[in-house]
Amino acid sequence: MHSVLIKALVSSSPDYDRLFEALSWPSESWPETERLEALAAFIEGLGAVWGDAPSFPASKRRHIQDRIESILLTRCLPLLHRMSAESGGEARCRESSAAVCRLVGACVPLCDAAVAGRVARSVLPSLQPPEDESPSPGRLGAEVASEVVAALVPSLSADAQLTRTLLASALSCVKTLPDALVSKVTVRLLLPLLNASDAARVSGVAASVVGDLCAWHCADRSPVATERALLCLTALSDHLLGPDARAERDPRLSPRFWRIVQDGLMHRDNVSRKRALYLLKRCVALSEEEGLDSPPPPPSGEDEALFTWSPSKSRLLREFWEDYALVMETLEENQVHVVRPVLNRIDTLIQTAVEDRQTAGQGLLHPSWLLCVYQRMFHSENKSLMREGVCHLLELRVLHQPAFALAFSQFIVGPFMDVLSETSLFHRSVGQSVADCPELAAKLQVFMGVFFSSLPSEQRGCVLLQLIQQLGSKHWCAVPLLFIAQALSKLPPAPLLGTEGLAALREVLRCTMITHQILLRGAAQRFLLNSALCLTDVSAVTLEDVFGFLMHFNADESLCRRSRLWDQLCAWLSDNEGRFKHRVVGGVSTDAAAKTETVRAYVQHEICTYLQVPASKGQAERLPDSREADKLARAILLCVHMESSRVGSEIGNTVESLLSPLLDTLRRVSTNVYLPLRKSDKSLQLVLRLLQCIGEERDDLTAAVEKVVLGVADSVQEFIFRQLCGELRELFDVERAEMYLSVVRRLVVLYHSAPQHRHELQHSDIPKLVKYSLKVLQEPQDPPVANQVVRAVAMASLATVCGLMEHDVTDVPSGTFSLLKALNAYFYSSLPSSSQTQSFAGNFNERLMKPQTVGCCGDVEVQNALLQDWGRIAASFMRDQWVCLSFLLRAVGVPEAPETPRAALSCSVEALALLPSDLVLPVFTFMETALPQLPLDEEELCVEAVTRSWELVQGLSTNARDFWPALKGFVSMAFHHKLLEMTHTEAVKLKATLKQIALELMELSQSKSGVFGVLVQHCCHTWLPTDPPPDPDAVFLSVFSYVSVVTEACVYGPVLRRDQRLILDVQAHVEQLGEQSADNVGFASNSRDDQLPRTCVLGFLSRLDSSNPQHQQLMEELVLALLKKDNDISKSKVRYYSNSLQHRVKNRVWQTLLLLLPKLREDFVATVLNRVFEAGFCSNQASVKYLIEWMMILALVYYPQHMDSFWSCFNTDQEKTKTSICTFLSVLVHFSVIMPNLKDKAAQLHKALDITLQWCFNHNFSVRLYALLALKKVWSLAEAQAEEEAVDLKGMSSVVKACLNQAEAMQSSGNANKNWIRIQEHFFFGDFHPVRDYSVETIFYTFPSLSELTDDEWIPPWKFEKLSSFSVSPCVPLRNPCPDLSRLQPGDWIQQDKTDQDKEERWAEVQKKITPWRLGIQEQEPELQLVPPQRAARLGKLQGALLVVASLIDKPTNLGGLCRTCEIFGASALVLDSLRHVEDKHFQSLSVSSELWLPLLEVKPVELAAFLQLKKTEGYCIVGVEQTANSQSLEHYQFPERTLLLLGNEREGIPANLLQTLDVCVEIPQQGVIRSLNVHVSAALLIWEYTRQRLASKRA
């Protein structure tokens, strides 16, 4: 209509000046969009008649041309500059700029030829990247500039130079513009440039684009470069890969192009992957269509060809690439069940590639394409799919071939190692048990061996070094590193690693393992050392390299003496002695005298070098670094071990000769005043490290070392005590004193075998040291450093003496004891009277002054650095005070003064605030003795002490090294037996505080394994100690205040997260390895097992004596508490599913009740039996059901007088019982166990038969099945009883037999027969005997495993055997004497207790739809004659500006529903690929005649690109529903009024060649696993959001 109007107006020869004036606008104003569109339409109309000479003579034409150029230069360009500078109003700018650009496009063809170039050159700077970040006032926005140039391109095709300049600018924009603008520039510049070029120049332009993009990607292979290069190549694909494409612009000939495609296939962005796959498929299709031979091989030095084609193998190559595309497309799904069926196609791809290489040499199929598949799987969001990819690669047989192994080597070292760092890959597989090696870890061991064996021999060392360097390049989690180290240790022995290899392994040990769990860290160290022993090339490393490497293995965790690893290391050194690389010392090789260096010679040389120190400078020196002594001590012990294994070697002589330089120094240490202090210190450090490394276990080496040390002990002892008694006065001397005192502790331990040395120490040196130290402390403090250091050394010395006496390492002579009393008096001096403050007592919590270093000798910088750490020295000083106080409190006591205990405890509370958290353990030890003396008189203070202590322990929960000792100290203090013994009326507030702390301990244990076990272990040992106290009943009575703790312990066991479960599984695996792993780890389990609280409390319950009234009372209270817990769970509304926490707690409840049943009194059982029966009516999981049934059976066996109560359960209302009656029928299956104890057996048999017969005809299948089984068992028992006692069954025989025969016949086929067989073969009804199989093993291990309870709940018998407190009695045996049950497998029969609660009335909430055709047809007829917009207007509906394009959708059901949605929300039109869809019955069934009210347009998919470009020029914003890296979330996106919604295909989404036409991608936020919504649902969400925003704006 508009075009007709314009044509009529122009042809009527109007006054053009007036029209131009009317349609133009003032230069400073912002014209409305309609004015711009009208002017553009008018000028386009002029262009249509421009060639009509009579209508437009030359003068008039020139005049109009001037007016048009004026509009272009004075109106359009300034307006575009204002739009670019406008902030906000994005929708307004977009619509106006589109109209202006259309106007420019209309003006340029009518202007002079030079005008287009002039405008283009003025716009070009806006397409160049700015030199600085500040906006330039004369620049257009990049988006506006690209639109202007796109309008000019058709008029610039003749200017080759300008075309090249525009092309360079466009490519520059692609590399520099923000992501949101790149696609717009590509579509609006590159495509028009190619379209406007003639055939001769198109090849040059296309080749230039491809070359520039490939060169850019080659220089910068970043994800951004890959993403943008793919965008451009996809947009230009019709020109590059079209039917008329020429060889000079064919990207298939460029290896760099294929690198872009491969990087795209592995890209993190799914749109880039889609584009890369699109290009690949087009290249394959074009190659097959052309049938050209593969391009020639590239010259040497260039990239090898990644894609080749051969017409002779066209079918093979087509099938290969079809499979390849299918695999890559399927991998876009996140659901494993969708992906797994196509994984076998990967095997097909690999086999094809292998066969091709074997037959064609170089091959047509490059292995790198296979790596793209694995890399895509490794990048999957789904961990299961990632694991599938890893397992598939681990089983890849093609890696047995050297060529493929070498081709995959860098992939294995890089991406494969990266994906192995994912901890979740190492979870146990289905069917594996606790402590089994994870399936993936076992496959990894095999893979590593095969892979390195397949590599060419000259490449193995290089690849292995790269792999180890990759391990050290980042922080690895404990589990992956452990299993990779284990796989490396399984490699075949070969000389592959040199000095660089040991350095790389050292980096792994140093950097990546410091935060790992101790057990896993020790195991990984062990595997890495094994790897080093097997793979080191000894001719390439020196002994210095080896022993330097060994320094990084912790003796407490992996490499300690007497371990298997130690023996392996010694054997390795012996086997390779003389073959190590010679050292170069002072420029001279050690083999200068044609001798090979032995380990002994190396050690002797190192000892001499170690003891060589420079002359003293006369000033204080810092203590030497102890790491050198560590290395040398380990080397000495290894050397002695090697020497002792040789025939004729005497270990004592070896030690003495080897250590002779050291012993000579130590003999002179106390007499030679000229001996440098540094040399003395290094000697003592080495002796200390030797004594620490030999350990406490006695053997020949230990005896030999101790003998030589005792030979110099007098000199060492004299020197140390002389130093401690006044010669240590510098800041450096604080750490020196710590080393000296450590040597003293080791010497005291040695003196057990040397009484003469011990006598001298006890009667001379220690009293002298105590006396001197006490004197120092009694002197007033002075700020100088010497005074403060002497005080710190004195307190440390006293703490050491008290610690030795505390642990009975040395006796306390009477003289020393009197000195200790004086020390006690010093601490308690100046006690407060009742009138003074009671916050201070004597010399408690004495603080050191910060020393003044003026006039100090020594290195000033080092002194200042040490002074900065003075706070730690002061804290250690206070800690040492409390070490002394805690010992003196037990050994001497406190002075007899009424306020002394309170003042001392108050000071200990103060110390908790003063000391660092890791130094408070001595304070806890002091409180453990002091606290029980005060709760009745000073309850508030006791509460404060306990509360503050608990807060401090909680603060340490993230520090494993300090947390566990502090927790044990706190529990021993807060839950001291004297505090537990208090009655319920004593210290009520303190007892309430302790109960609250116990609850908080349980809560903390949910996140930190082992916490609750510390409390339970302590309490159980306190209530029932192994060595009974004088008054055991008084101690035991305290348990009644903590029945809740006992109850919680019985059911304790958190449901662990998968990551926590994995760590525990791997720890169990490492412990099971034993000798093969870190067998010397001292921290193996550390009592952190989550089952420990249960096993401890069950051990405690096993020791309860049923004849003891207090024990019996506890058991009864515990049974009631457990039954209440079970009832609460049954009544709760929390979902109760298999292996949930509720299921596990119920299972633990009934396990404990079964354990206690034999010890309960008969009258108490009578009171709770009905509650047991009530529990049987609840809906229970299978494992709980079996335990309840077992409980009922045993109760009736022990107390048969309660059979009547059991029979009454069958009289319950059947509607209430539902299928839970099966529980009681199961009991009747075992009636043969109950009957021997019954009095009136015949009557009870009749009762059983009557009941079972009734339930055999129930409507529920499960009930009938259980009843038939019970009837079968009871009837066989009745027949046997009738034969023995001639019991008259009163005619029941024929009835029961007929019933059984009929039932058997009904079960003869189909699922009924299968279920009948299964239930009879089930363990509970077959091999299980309730009395014979009663044992701890059956209750806690066999039953859980057979009832398919998760293996977290299985408690093996050995865990109870490890407990010294577990008591085995005849009534509760530990192990099951009959092994039948243990040989069974879990049954597959599980009762389904289905209820009717989930049923709903069918028509409760039915939506009443109104369909148009149900209205009067006569009323609709007039409306149907109108076009859709008119119909809508007649109904009062407003047409929106939303245009929905569904040309890519091909399913009629989706289109029908979409049509209905568009009509309801007032879309302007729906675009289909064919209007024939409206005639489809499936379309009509969902559209419900909405197509009658909605404008429908037809646009074929091949026409879609041009249609979208047209709509862009009309000002529409093209919105696509696609998940990309730059997608905007639907909840935040604001729709412009003119929006075109482009919908993708149901399977493939939006094609890659259309993605660049989108202005924005919108994604719908998702929470689930499924990757995408149905296309109609997605469209409906976006259409509603568009409508909601429009409604909201209108209301505003």
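Is it true that VAL1227 is buried (at least 18 other Cβ atoms within 10 Å of the Cβ), in contact with a helix residue (DSSP H, G or I) (Cβ under 9 Å, 6 or more places away or on another chain), closer than 18 Å to GLU1116 by Cα and of a type in the set (Val, Ile, Thr)?
No.
Filter the stretch 345-367 down to the residues that are surrounded by fewer than 16 Cβ atoms within 10 Å (Cβ to Cβ) and modelled with pLDDT of 80 or more, then identify the one that is farthest from SER424 (Cα to Cα).
Filtering first and then ranking leaves GLN351.
State whether one or more residues within the stretch 992-1000 are part of a loop (DSSP other than H, G, I, E, B), open to solvent by 20 Å² or more (accessible area, probe 1.4 Å) and not basic (Lys, Arg).
no
Kindly list the number of the only condition in (1) under 27 Å from ALA1592 (Cα atoms); (2) at pLDDT 90 or above; (3) not small (Gly, Ala, Ser) that fails for LEU1494.
(2)
Within the stretch 955-987, can you find the residues that are of a type in the set (S, T, N, Q) and crowded, with 16+ Cβ neighbours inside 10 Å?
SER972
Please enumerate the residues belonging to the stretch 1568-1591 that are over 13 Å from GLU1531 (Cβ atoms), part of a helix (DSSP H, G or I) and among the polar types (S, T, N, Q).
SER1578, THR1587
Of the residues SER453, SER409, SER424, which single one is at pLDDT 85 or above, hydroxyl-bearing (Ser, Thr, Tyr), over 30 Å from LEU1346 (Cα atoms) and open to solvent by 10 Å² or more (accessible area, probe 1.4 Å)?
Result of the check over SER453, SER409, SER424: SER453.
Of all residues in the stretch 327-355, which are without any contact (Cβ under 8 Å) to a residue 24 or more places away in the chain and in contact with a helix residue (DSSP H, G or I) (Cβ under 6 Å, 6 or more places away or on another chain)?
Passing the criteria: THR330, VAL342, ARG345.
When you go through ASP1250, ASP1204 one by one, which is the residue that is more than 20 Å from VAL1165 (Cα to Cα) and among the acidic types (Asp, Glu)?
Selected residue: ASP1250, the only one of ASP1250, ASP1204 that is more than 20 Å from VAL1165 (Cα to Cα) and among the acidic types (Asp, Glu).
Using the structure shown, decide if LEU1510 is hydrophobic (A, V, I, L, M, F, W, C), over 48 Å from the mean Cα position of the chain (by Cα), part of a helix (DSSP H, G or I) and surrounded by fewer than 21 Cβ atoms within 10 Å (Cβ to Cβ).
yes
Scan (1) assigned to a loop (DSSP other than H, G, I, E, B); (2) over 15 Å from ARG376 (Cα atoms) for the single condition PHE257 breaks and write down its number.
Condition (1) is where PHE257 drops out.
For the stretch 1100-1133, what are the residues that are out of contact with any Ser or Thr (no Cβ under 7 Å at 6 or more places or on another chain), part of a helix (DSSP H, G or I) and either of a type in the set (S, T, N, Q) or on the phi > 0 side of the Ramachandran plot (or both)?
Once the filter is applied, which keeps residues that are out of contact with any Ser or Thr (no Cβ under 7 Å at 6 or more places or on another chain), part of a helix (DSSP H, G or I) and either of a type in the set (S, T, N, Q) or on the phi > 0 side of the Ramachandran plot (or both), the stretch 1100-1133 yields GLN1110, GLN1113, ASN1127, SER1130.
Find the helices (runs of 4 or more DSSP H) located wholly in the stretch 154-251 whose residues include 2 or more that are open to solvent by 10 Å² or more (accessible area, probe 1.4 Å), touching a Ser or Thr at 6+ places or on another chain (Cβ under 9 Å) and in contact (Cβ under 8 Å) with a residue 60 or more places away in the chain, and list them.
In the stretch 154-251, 179-185, 223-235 are the helices (runs of 4 or more DSSP H) which contain 2 or more residues that are open to solvent by 10 Å² or more (accessible area, probe 1.4 Å), touching a Ser or Thr at 6+ places or on another chain (Cβ under 9 Å) and in contact (Cβ under 8 Å) with a residue 60 or more places away in the chain.
For the list (1) open to solvent by 10 Å² or more (accessible area, probe 1.4 Å); (2) in a helix (DSSP H, G or I); (3) closer than 30 Å to LYS1008 by Cα; (4) of a type outside the set (Gly, Ala, Ser), I need the number of the one condition that TYR1136 fails.
(2)
Take ALA1166 and tell me if it is over 19 Å from SER1044 (Cβ atoms), surrounded by fewer than 17 Cβ atoms within 10 Å (Cβ to Cβ) and among the hydrophobic types (A, V, I, L, M, F, W, C).
Yes.
Report, ordered by the first and then the second residue, all pairs with beta carbons closer than 6 Å, sequence separation of six or more or different chains, a first member in the stretch 709-737 that is more than 22 Å from VAL785 (Cβ to Cβ), and a second member that is of a type in the set (D, E, K, R).
Pairs that qualify, where the first residue is more than 22 Å from VAL785 (Cβ to Cβ) and the partner is of a type in the set (D, E, K, R), are VAL712/ARG667; SER715/ARG667; PHE721/ASP765.
For the stretch 517-547, name all the residues that are part of a helix (DSSP H, G or I) and open to solvent by 20 Å² or more (accessible area, probe 1.4 Å).
ILE518, ARG521, ASN530, LEU533, CYS534, SER539, ALA540, GLU544, ASP545
Considering each of SER300, SER294, SER314 in turn, give the residue that is of a type in the set (S, T, N, Q), over 43 Å from the mean Cα position of the chain (by Cα) and at pLDDT 85 or above.
After ruling out the rest, the residue left standing is SER314.
Hey, does the stretch 427-439 have a residue that's assigned to a helix (DSSP H, G or I) and either in contact with a strand residue (DSSP E or B) (Cβ under 6 Å, 6 or more places away or on another chain) or open to solvent by less than 50 Å² (accessible area, probe 1.4 Å) (or both)?
No, there is no match, as no residue in the stretch 427-439 is assigned to a helix (DSSP H, G or I) and either in contact with a strand residue (DSSP E or B) (Cβ under 6 Å, 6 or more places away or on another chain) or open to solvent by less than 50 Å² (accessible area, probe 1.4 Å) (or both).
Quick one: which residue in SER949, SER1041 is part of a helix (DSSP H, G or I) and in contact with a helix residue (DSSP H, G or I) (Cβ under 6 Å, 6 or more places away or on another chain)?
After applying the criteria, what remains is SER949.
Out of curiosity, is PHE1340 surrounded by 14 or more Cβ atoms within 10 Å (Cβ to Cβ) and not in a helix (DSSP H, G or I)?
So PHE1340 does not fit the description; no.
Pull out all pairs, ordered by first then second residue, where Cβ-Cβ is under 7 Å, the residues are six or more apart or on different chains, the first lies in the stretch 1353-1374 and is farther than 19 Å from LEU1156 by Cβ, and the second is loosely packed, with under 13 Cβ neighbours inside 10 Å.
Pairs that qualify, where the first residue is farther than 19 Å from LEU1156 by Cβ and the partner is loosely packed, with under 13 Cβ neighbours inside 10 Å, are SER1364/THR1026.
Out of the stretch 888-901, which residues are open to solvent by less than 20 Å² (accessible area, probe 1.4 Å) and either of a type in the set (Phe, Trp, Tyr) or in contact with a Lys or Arg (Cβ under 9 Å, 6 or more places away or on another chain) (or both)?
LEU888
Could you grab me the full set of residues in the stretch 1306-1325 that are touching a helix residue (DSSP H, G or I) at 6+ places or on another chain (Cβ under 7 Å) and at pLDDT 85 or above?
PHE1323, PHE1324, PHE1325, listed by residue number.
As an exercise: evaluate THR1167 against (1) free of Cβ contacts under 8 Å to residues at least 24 places away in the same chain; (2) farther than 24 Å from HIS1230 by Cα and give the number of the one condition it does not meet.
Here THR1167 clears every test but (2).
This table checks each residue for (1) modelled with pLDDT under 85; (2) open to solvent by less than 30 Å² (accessible area, probe 1.4 Å); (3) out of contact with any strand residue (DSSP E or B) (no Cβ under 6 Å at 6 or more places or on another chain).
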residue	(1), (2), (3)
GLU1546	yes, no, yes
LEU1558	no, yes, no
CYS1561	no, yes, no
ILE1564	no, yes, yes
SER1572	yes, no, yes
TYR1586	no, yes, no
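Does ARG622 count as within 20 Å of TYR740 (Cβ to Cβ) and surrounded by fewer than 21 Cβ atoms within 10 Å (Cβ to Cβ)?
In short, yes.
The values are calculated or read from the model by the stated rules, or taken from the named source; none is laboratory data. The shown structure was predicted, so the numbers you read here are calculated from the model rather than taken from an experiment. Don't worry about glycine lacking a Cβ; one is built from the backbone with ideal geometry, like all the others, and counts go over all protein chains shown. Areas reflect the complete protein model, heavy atoms only, side chains present, ligands, DNA and RNA absent. Shrake-Rupley method; radii C 1.70, N 1.55, O 1.52, S 1.80 Å.
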